[in-house]
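Student: Please find one structure pasted underneath; my questions will follow.
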Amino acid sequence: MSGEWASYICNVNGKVASIFLNLALRILAPDESRPWLLFVKVRMKHPRPNGLSSPEEFDALLSIEEKLVPLVEELCGAEYAGSITSQGHREFYFYGSDPVALKNAGRHMATIFDMYKFKGGKKEDPTWRHFLLCMCPPDKTELEAVPN
């Protein structure tokens, strides 16, 4: 994954959340060729009591991300924006040009990782509102840089 990746902890809908995102997309947003917000939600098997991911599930979630990202990027003409982990789920967010193909990606992931439940969705978001307002940190938030 190329880009300027960072993570931070915040509250989303009154619950603790960990957000991992490509800050380099702030310059490109919105990309008129990718007006669809696409997401894939995964229910974790062993979340921490606060709803964030646990060390015992780190490798499995990383493996899901490593398989899911190139698949959705290719099938949906998408750009990976990042993920939000909260309330026992990890949601992977993309901006794409073809939302129809997301179902195929979800089916494929369910066959590879049959121990996890996947749910996909799409929403028209030509202004990239979700990314810019929900995922990007407020100016005063300290970010933890993630090595490439």
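Derivation of every value follows stated rules applied to the coordinates shown; laboratory data play no part. Since this is a predicted model, take the numbers as computed values, not measurements. As a convention, Cβ positions derive from the backbone with ideal geometry for all residues, glycine included, and neighbour counts pool all protein chains shown.
Student: Based on Cβ point charges of +1 for Lys and Arg and -1 for Asp and Glu, what charge dipole magnitude is obtained for the chain about its Cα centre, in debye rounded to the nearest 20? Don't skip to the answer; put the middle values down first.
Tutor: Numbers: 17 positive and 19 negative charges, 140 e Å.
Using Cβ point charges on Lys, Arg, Asp and Glu, the chain gives about 680 debye.
Student: Put a dot 7 Å past each Cα toward the Cβ at M115 and L62; how far apart are the dots in nm?
Tutor: 1.6 nm
Student: Using R₀ = 22 Å, calculate the FRET efficiency as 1/(1 + (r/R₀)^6) where r is the Cβ-Cβ separation of L132 and V16; round to 0.05.
Tutor: Numbers: r = 22 Å, r/R0 = 0.99.
My answer for the efficiency is 0.50.
Student: I've got another one for you. Find which of P55, L23, A6 sits farthest along the positive direction of the dipole of the chain, computed with +1 on the beta-carbon of Lys and Arg, -1 on that of Asp and Glu, about the Cα centre.
Tutor: Farthest along the dipole direction, towards plus: P55.
Student: Given only helices, namely DSSP H runs of n ≥ 4 each adding -39500 (n - 2.57), what is the per-residue ellipticity at 222 nm of the chain, to the nearest 500 deg cm²/dmol?
Tutor: Values: 3 runs with 34 residues, N = 148.
My calculation for the chain gives -7000 deg cm²/dmol from helical runs alone.
Student: Here is a follow-up. Multiply the residue gap between S2 and R43 by 0.36 nm, knock off their C-alpha separation, and tell me the result in nm, one decimal place. Don't skip to the end; give the middle numbers.
Tutor: Numbers: separation 41, 0.36 × 41 = 14.76 nm, distance 2.62 nm.
Residue separation times 0.36 nm, minus the Cα-Cα distance, leaves 12.1 nm.
Student: Would you compute the Debye intensity of the chain from its alpha-carbon atoms alone, equal scatterers and no solvent, and pass along log10 I(q)/I(0) at q = 0.09, 0.11, 0.20 Å⁻¹ to two decimals?
Tutor: -0.25, -0.38, -1.36
Student: Between N50 and A24, what FRET efficiency follows from the Cβ-Cβ distance if R0 is 22 Å, with the result rounded to 0.05? Each step should come with its number before you reach the end.
Tutor: On the way: r = 29 Å, r/R0 = 1.33.
About 0.15, to the nearest 0.05.
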